[in-house]
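A short reminder: the numbers here are calculations on the coordinates, not readings from a lab. All figures in this text were calculated on a predicted structure; none of them were measured in a lab. Every residue, glycine as well, gets a Cβ built from its backbone with ideal geometry; the counts of neighbours run over all protein chains shown.
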Amino acid sequence: MSFSLSALQNALRSEALARSIFSSQSAKAVLRFGSYIGSNIDHRESSERLMNHAREQIASYENKGVSYPSGYVYSADQLLSGKGRFLRSWHAPKGGVWLTLVLANTLLPESSLLLPLAAGVACCETVQYFGIGASIKWVNDVHVQGKKIAGVLAETFSGPRYGEEYILLGIGLNVNNQDFPAELQATAGSMSMYGQGPFDLDAVRVQLLVKLVWNIGLLHYQEDNWLRLSDSGQELDADHPLIAAWRSLSDTPGKDVHFGFNVVDRVQYSARVVDIDNRGRLIMKLSDGTIVTENSGEIVYARR
């Protein structure tokens, strides 16, 4: 990975200007809150599963009595044994962007629950930045014309010595890679299949880091607002800005879906999606009118 620090700083300045819904002062505050993201980057040509490597590094730091730097990013040009949810194969050859972001969990539970959504929004905004009409499927799959081009896997990990909780966000984004295994050809796509590729991978990485800085910074910023208002006896009335961003990018509300904890192996029920709430939970309506809310699991869109 060869992009310069100045390229990242220039992109961050542009990001503050692009977020016109926020005042200049608020936009700068959001970026300050997220500035620890990518403060350390470990990039390699190839790697085994990056999440396993991140766990080993956390343990190594703690065993030396050294504080682990939150916001550390591990990335690779290709993964040799990537895994997704339920140990499904994560096809990660050269030509894509593959990284794991490690966060010390300093957020309140209400905010940390939204980290997987924040990562999904960051991925979708990155793809859209390059002129490709992407959407988010709950929770954080990014797809174009029905084909998945990015996914996020969130895992928690407690340090072996101090017991500090970390959240590991594994992100995979298909950029220039177009050859997929037979089992993925019907469901997977890449940016270069839908945009004016091939794309500069370092430019994509810069934008992804910037979008992560913004959206995770937004969680800290909103939590800080909430705490200050709480202390003064006031309440936040508006929707969480990250939830609003997710809604603007998602095509899930209104869709008929099949839901399951591991929906590929077993569908638990079918329903129509109504919305998500301010905790990122999926609100659905069953055929008999019953409203159900799910905090975790996965969906597939029903065919019509």
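Averaging the sequence gap over all C-alpha pairs within less than 8 Å and six or more residues apart, then dividing by the number of residues, gives the chain a relative contact order of 17 percent. Each of the peptides 69-76, 255-262 was scored by the mean count of other Cβ atoms within 10 Å over its residues; in descending order, highest first, they stand as 69-76, 255-262.
With q set to 0.17, 0.30, 0.31 Å⁻¹, the log10 of I(q)/I(0) for the range 35-78, from the Debye formula over equal scatterers at the Cα positions, is -0.49, -1.10, -1.12. Rounded to the nearest angstrom and listed largest first, the equivalent-ellipsoid semi-axes of the range 5-229 from its Cα gyration tensor are 26, 23, 16. Potential lengthening of the chain between Ser35 and Asp239 amounts to 71.1 nm, from the contour at 0.36 nm per residue minus the alpha-carbon distance. Amide H contacts under 5 Å for Lys255: Val273, restricted to partners 5 or more places along the chain or on a different chain, H placed in the peptide plane at 1.01 Å from N.
May I ask you to list the residues of the range 95-123 whose amide nitrogen lies under 20 Å from a point 7 Å from Cα along the Cα→beta-carbon direction of Tyr301? Correct set: 117, 120-123.
Counting only DSSP beta bridges with both residues in the chain, the antiparallel share comes to about 85 percent. Computed from phi, the 3J(HN,Hα) profile of the range 119-127 under the Karplus parametrisation 6.51, -1.76, 1.60 (θ = phi - 60°) reads 5, x, 4, 4, 5, 5, 5, 5, 4 Hz, with x in place of Gly and Pro. Each Lys and Arg adds +1 at its Cβ and each Asp and Glu adds -1 at its Cβ; summed about the Cα centre, the chain shows a dipole of about 460 debye.
Output the peptides 267-276, 199-208 sorted from most to least packed, where packing is the average of other Cβ atoms within 10 Å over each peptide's residues. Don't skip to the end; give the middle numbers.
Working: 267-276: 16.7, 199-208: 19.6.
By packing density, highest mean first, the sequence is 199-208, 267-276.
State which entries of Lys64/Lys137; Lys147/Lys211; Lys137/Lys211; Lys28/Lys147; Lys147/Lys285; Lys94/Lys137 exceed 30 angstrom in Cα-Cα distance in the structure shown. Please list the in-between numbers first.
Working: Lys64/Lys137 41 Å; Lys147/Lys211 22 Å; Lys137/Lys211 18 Å; Lys28/Lys147 35 Å; Lys147/Lys285 25 Å; Lys94/Lys137 25 Å.
Beyond 30 Å between Cα atoms: Lys64/Lys137; Lys28/Lys147.
Going by a ≥ b ≥ c, the root eigenvalues of the Cα gyration tensor, does the range 171-304 fall in the rounded group (a/c under 1.5), the prolate group (a/b larger than b/c) or the oblate group? Because a/c hits 1.5 or more and a/b fails to exceed b/c, the range 171-304 counts as oblate.
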